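What follows is a short report on a single structure.
The values are calculated or read from the model by the stated rules, or taken from the named source; none is laboratory data. These figures come from a predicted structure and were not determined experimentally. Counting neighbours? That spans all protein chains shown, and the Cβs are built from the backbone with ideal geometry, glycine included. Heads up: the accessible areas ignore ligands, DNA and RNA and are worked out on the full protein's heavy atoms, side chains in. Shrake-Rupley method; radii C 1.70, N 1.55, O 1.52, S 1.80 Å.
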Amino acid sequence: MKIKYLFFASLFTFIAFSQEHFTGMSTSSRVGLLNIGFNPAELVNLNNSFEVSMFETSIVMSNNKVGFNDLFSNKNLTDLMFQGNTQANFRFDFEALGPGVALKYNNWIFGISTKAVAKMDAINIESKIGEAVSNGAIKDRYTDTYTSIINQNNQRVSGTTWGEVDLSFANKLYEDQNNKISAGLTFRLLFPGTYANIATDSYMGTITSSTDGHTYMSGTNASLNIAYSGSLANNFIDSNQYAKSLYGSFNGIATDIGLSYQLKDKIESTSGIKNSSNRYKLNAGIAVRNGGSMVYKDSNNKSTTYNFNIPVATATNPGLDLNQFLNTKSLIEIENVLVNSGYLTKTETNKNFKVSFPALISAYADVKIIPKMFVSIYGQRKLNPDNGNDQITAQNVATLTPRYNSGYFEVFSPWSSFEVSGITGGLGVRVGGFYIGSGSIVTAVISNSTHADAYLGFRWGFL
């Protein structure tokens, strides 16, 4: 299996969509359907009585080894990703918000929106295993040398797509001249598309470069999971397979619940100026998001767990030949090679399987410093670890965003700390309902950041 295609597929998708990311936009006082994706209580602060989301898209690539400038160089990305002894981590996330509307009716505010999501992840991959499987060799090592590996983590390569229809409701719990407290709830109707996961847990083994030009794995003990559903079973390294199955059949529900608080700006709040971006001194909120799961069903569905055991190498049996995986593209092919090797013992298999949504808690505060100048803080923390075979991933993130906001025009610079890629800095601009920007363009250019993202969107409101 050529793991380098994982990166090439991601880069192809990045170029094809050529879209941007929401870092910094989520705390804008120009509230729309985008904001309620981070906290449904923000529906109460909707700028207009009626809001229409035309299109809003985001894309993110995070890793811990390959820099932004490396993407445009002649360097081998596989070699870069698996260099050194640090475990390799890679995240690719794409989401597109389709048509959506929000409406104020008396004290209630309602919203309905649509979304398509695609994710591709490599989690805690032992670098020497990744190098050996993707290249069929351990580079910079003498012939007949070997490397012993112990990795207690669950090493995963996974991909998934799904669609959503989100139904949101919000209302004010309390309001006076100076304060406003609101609550909101979103029901996410989930439409799982396609899924793939290959993972090895508690790995112990040896990788040897032999004089015959092949690389062998031996003395190995681990738990192995292979799961697939839909088009990713046939080829999980081709970005076209993700686009084929963004929406499946309805088979899951998730929920968001949130609270928001505003300390009103007394001068602005009594002036009668409609849609003023300075109508508060402080806007803050907290939300628990993505609580739920979805079930993948398809004619080629399967999730199987194996005991993976390879004896210590001998002169007549050097172990599992890793060169067999160089031209494999599908999980079915990989599974067949492993089963035919005789080194697997099946322990559990399921036709249909449930995948947990990436539950997290998020909080933010947007503070007015002086007229038209704001600073916001946003943070999110995942509630479940990424290493479960049935777990969709999320990242822990903290963001600081200074912004200039005149109402119709807004410019801001988000600075974030991502769990996988570290510090990023970017720039974004909004004119009316249109916005464009990146949460990483500054650091990508000046410091070869290992994070790249971008976003683009347009929404329209009136009344």
Exercise. Collect the residues in region 333-345 that are in a helix (DSSP H, G or I), open to solvent by 30 Å² or more (accessible area, probe 1.4 Å) and touching a strand residue (DSSP E or B) at 6+ places or on another chain (Cβ under 7 Å), keeping them in residue-number order.
Key: Ser341
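Of Ile112, Ile129, Ile59, which residue is outside any strand (DSSP E or B) and β-branched (Val, Ile, Thr)? Steps first, please.
Working: Ile112 fails: outside any strand (DSSP E or B); Ile59 fails: outside any strand (DSSP E or B).
Result of the check over Ile112, Ile129, Ile59: Ile129.
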Quiz item: Which numbered condition trips up Val420, out of (1) modelled with pLDDT of 90 or more; (2) open to solvent by 20 Å² or more (accessible area, probe 1.4 Å); (3) closer than 24 Å to Met61 by Cβ; (4) among the β-branched types (Val, Ile, Thr)?
Solution: (1)
Quiz item: Going through region 178-187 one residue at a time, which ones are open to solvent by less than 40 Å² (accessible area, probe 1.4 Å) and touching a Ser or Thr at 6+ places or on another chain (Cβ under 7 Å)?
Solution: Ser182, Gly184, Thr186
Exercise. State all residues of region 305-323 that are under 21 Å from Asp201 (Cα atoms) and either in contact with a Leu (Cβ under 9 Å, 6 or more places away or on another chain) or open to solvent by less than 50 Å² (accessible area, probe 1.4 Å) (or both); if no residue qualifies, say none.
Key: Thr305, Tyr306, Asn307, Phe308, Asn309, Ile310, Gly319, Leu320, Asp321, Leu322
Exercise. For region 387-394, indicate whether the set of residues that are free of Cβ contacts under 8 Å to residues at least 40 places away in the same chain and out of contact with any Ser or Thr (no Cβ under 8 Å at 6 or more places or on another chain) is non-empty.
Key: no
Quiz item: Does Gly84 satisfy the criteria of being touching a helix residue (DSSP H, G or I) at 6+ places or on another chain (Cβ under 7 Å), of a type in the set (Gly, Ala, Ser) and in contact (Cβ under 8 Å) with a residue 40 or more places away in the chain?
Solution: yes
Practice problem: Could you list all residues from region 38-57 that are in contact with a Phe, Trp or Tyr (Cβ under 8 Å, 6 or more places away or on another chain), surrounded by fewer than 24 Cβ atoms within 10 Å (Cβ to Cβ) and not aliphatic (A, V, I, L, M)? | Solution: Phe38, Asn48, Ser49, Phe50, Phe55, Thr57
Exercise. Six or more apart or on different chains, Cβ under 6 Å: which pairs go from a residue in region 435-461 that's within 12 Å of Ser62 (Cα to Cα) to one that's open to solvent by 30 Å² or more (accessible area, probe 1.4 Å) and of a type in the set (Phe, Trp, Tyr)? Could you list them?
Key: Ala444/Phe68; Ser449/Phe68; Ala452/Phe68
Quiz item: If Gly258 passes every condition in (1) modelled with pLDDT of 75 or more; (2) buried (at least 23 other Cβ atoms within 10 Å of the Cβ); (3) in a loop (DSSP other than H, G, I, E, B) but one, which one does it miss?
Solution: (3)
Quiz item: Do we find that Ala170 is over 26 Å from Lys329 (Cα atoms), modelled with pLDDT of 80 or more and in contact with an Asp or Glu (Cβ under 8 Å, 6 or more places away or on another chain) in this structure?
Solution: yes
Quiz item: How many residues does region 67-89 contain that are touching a strand residue (DSSP E or B) at 6+ places or on another chain (Cβ under 9 Å) and either open to solvent by 10 Å² or more (accessible area, probe 1.4 Å) or at pLDDT below 85 (or both)?
Solution: 6
